[in-house]
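The values are calculated or read from the model by the stated rules, or taken from the named source; none is laboratory data. Keep in mind it's a predicted model, so treat the numbers as computed, not measured. With ideal geometry, Cβ positions are generated from the backbone for all residues, glycine too; neighbour counts draw on all protein chains shown.
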Amino acid sequence: MHDSANRHAEPLNREIVLTGKAESGDAVTGSIIWLHGLGADGNDFVPMVPALSRCQALPLRFIFPHAPIRPVTINGGMQMRAWYDIRSIDLTGERLLDQQGIEESISDVHRLIDLEQQSGIAADRVVIAGFSQGGVIALLTGLQLINQICGVVGLSCYLPNSTQLIDQPADSQKLPAFIAHGLHDPMVPFALGKQAAEQLGHQHYQVTWGEYPVDHGVHPDEITALDNWLYKLMQ
């Protein structure tokens, strides 16, 4: 595995997909950085973009970065794309997670936001989204940039027990967050996703919560709800 200095010197490999409106020549006005789940890669959610039908009317750019390849303890140390190592299947305690890997991945997302700003997209027009492991990094990054980015999306994910939530005054600007989870998820228990939504809601985040009859995946109705949420947020 590369050390932090070498990682930051390397370009971030990513897939870039434009909505129909942006492909037709309109200048991009917002970006969604989407982080995949454990063992997948940046191509995993590329097919979802055309399914976001309302968003096709907005000139948006979707960025799908590839996580680095690293050994994953719960999978017998196998090398695969992962935003951080998971050291236990329990997923409920700080000791189970690779804090250094989490911090490196959050830093990578910061770099992606910087690249969007260099291309003319303000940080407050950037949404950080993710599925499973990617959703964890999306939520944690959003918590660091609560008054700077446009919103966060966390699907089938959780907040680590070590997460330090910023207690926002009730009258402060709320960070929009779309959080959804499968009712039958055998990998990341439904209760963990709901707990994350409740934690953010109690801290005055603007949470949109959804639960769907699916396992560790994304339900078609979930995509529709996300499409509506993104459209209202980015229009």
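The table below gives the values:
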item	result
Sole residue being surrounded by fewer than 19 Cβ atoms within 10 Å (Cβ to Cβ), modelled with pLDDT of 95 or more and of a type outside the set (A, V, I, L, M), chosen from P65, P50, P11	P50
Odd one out for V72, checked against (1) buried (at least 21 other Cβ atoms within 10 Å of the Cβ); (2) without any contact (Cβ under 8 Å) to a residue 40 or more places away in the chain; (3) touching a helix residue (DSSP H, G or I) at 6+ places or on another chain (Cβ under 6 Å)	(3)
Residue match in the range 180-187 (condition: surrounded by fewer than 17 Cβ atoms within 10 Å (Cβ to Cβ), free of Cβ contacts under 8 Å to residues at least 40 places away in the same chain, out of contact with any Leu (no Cβ under 9 Å at 6 or more places or on another chain) and in a helix (DSSP H, G or I))	no
Among residues of the range 202-235, those that are in a helix (DSSP H, G or I) and either farther than 18 Å from G130 by Cβ or not hydrophobic (A, V, I, L, M, F, W, C) (or both), counted	9
Count of the range 122-151 residues which are within 11 Å of I33 (Cβ to Cβ), touching a residue at least 60 places away in the same chain (Cβ under 8 Å) and in a helix (DSSP H, G or I)	3
Filtered residue count, the range 43-58, keeping only those that are assigned to a loop (DSSP other than H, G, I, E, B) and over 12 Å from the mean Cα position of the chain (by Cα)	5
Count - residues of the range 96-109 that are modelled with pLDDT of 90 or more and assigned to a strand (DSSP E or B)	0
Matching option when the condition is at pLDDT below 95 and surrounded by 23 or more Cβ atoms within 10 Å (Cβ to Cβ), among T163, T141	T141
Meets criteria (within 21 Å of V46 (Cβ to Cβ) and crowded, with 21+ Cβ neighbours inside 10 Å) for A196	no
Unmet requirement for G93, which otherwise passes all of (1) at pLDDT below 90; (2) surrounded by 12 or more Cβ atoms within 10 Å (Cβ to Cβ); (3) under 22 Å from G217 (Cβ atoms)	(3)
Set G77, G42: member being in contact with a Phe, Trp or Tyr (Cβ under 6 Å, 6 or more places away or on another chain) and small (G, A, S)	G42
